[in-house]
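Below: the structure, in structure tokens.
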Amino acid sequence: MVNSGCELAVKDLLAAFESEVNAHASYKAFAVKAEEEGLYGAASLFRAAARAEQIHAANHGRVIRQMGGEAKAEIHPVQVKTTLENLKSALSGEQNEIQSLYPGFLKSATSHLDTSAMRTFIWAIEAEKTHARLYSGAIALVESGKADAWTQAELAFYVCTLCGYTAKHREAENCPACNFLWERFEVIR
């Protein structure tokens, strides 16, 4: 018999899984639009964030299956606009995850002492903070119209393959969010 705490955790994990799967699909489409607009750095950022969202979904899915659930999600149609609008949309989604979605899920998982759910939610929150920071910077640069901005240059981003933490450059020997070795980060262009 599944207890109500486990059922709630699976419900929260499924909602998080669906959010991450849809963010992955959106960011992949946004990357194509950024490339078309000559914003190669922004395109790389979208690809890196898409990879991170894929990692979050995989982490959530793993915990869902451990709890006896099935990781499934409804994929929503992607609304692609200009890159600036897409960056703002992505930032809004990240802020929602950071301020509302994950804190609520984490509170519930903590109250039930569900360490697996807690870990995947904490890792996702920390990675989403990096995405929000990078999207904010990209928005400011695109709005300024600076010709030498990183949003226009071909650029590599680094994504932790364990938690999805995302960075423009090496920040430490280990991932600041999950302590995974930096050498295990994936380079996304």
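Things to note:
- Unique match (being in a helix (DSSP H, G or I) and not basic (Lys, Arg)) among VAL78, VAL63: VAL63
- Some residue of segment 29-50 being assigned to a loop (DSSP other than H, G, I, E, B), of a type outside the set (Val, Ile, Thr) and in contact with a Phe, Trp or Tyr (Cβ under 7 Å, 6 or more places away or on another chain): no
- Residue check, LYS88 at pLDDT 95 or above, in a loop (DSSP other than H, G, I, E, B), under 30 Å from GLU143 (Cβ atoms) and in contact with a helix residue (DSSP H, G or I) (Cβ under 9 Å, 6 or more places away or on another chain): no
- Residues located in segment 3-33, provided they are aliphatic (A, V, I, L, M) and more than 18 Å from the chain's Cα centre (by Cα): LEU8, ALA9, VAL10
- Some residue of segment 138-151 being without any contact (Cβ under 8 Å) to a residue 24 or more places away in the chain, in contact with a helix residue (DSSP H, G or I) (Cβ under 6 Å, 6 or more places away or on another chain) and in a helix (DSSP H, G or I): no
- Residue tally, condition part of a loop (DSSP other than H, G, I, E, B) and at pLDDT 95 or above, over segment 153-167: 6
- Matching residues, segment 58-117, being more than 13 Å from GLU20 (Cα to Cα), polar (S, T, N, Q), in contact (Cβ under 8 Å) with a residue 24 or more places away in the chain and surrounded by 13 or more Cβ atoms within 10 Å (Cβ to Cβ): THR82, THR83, ASN86, SER89, GLN95, SER108, SER116
- If you check ARG51, ARG47, ARG133, ARG62 for being among the basic types (Lys, Arg) and more than 29 Å from LEU155 (Cβ to Cβ), only one passes: ARG62.
- Subset of segment 1-11 [in a helix (DSSP H, G or I) and either surrounded by 24 or more Cβ atoms within 10 Å (Cβ to Cβ) or of a type in the set (A, V, I, L, M) (or both)]: LEU8, ALA9, VAL10
The values are calculated or read from the model by the stated rules, or taken from the named source; none is laboratory data. Since the model is a prediction, treat every value here as computed from it, not as a measurement. Note that we place each Cβ from the backbone using ideal geometry, even for glycine, and neighbour counts take in every protein chain shown.
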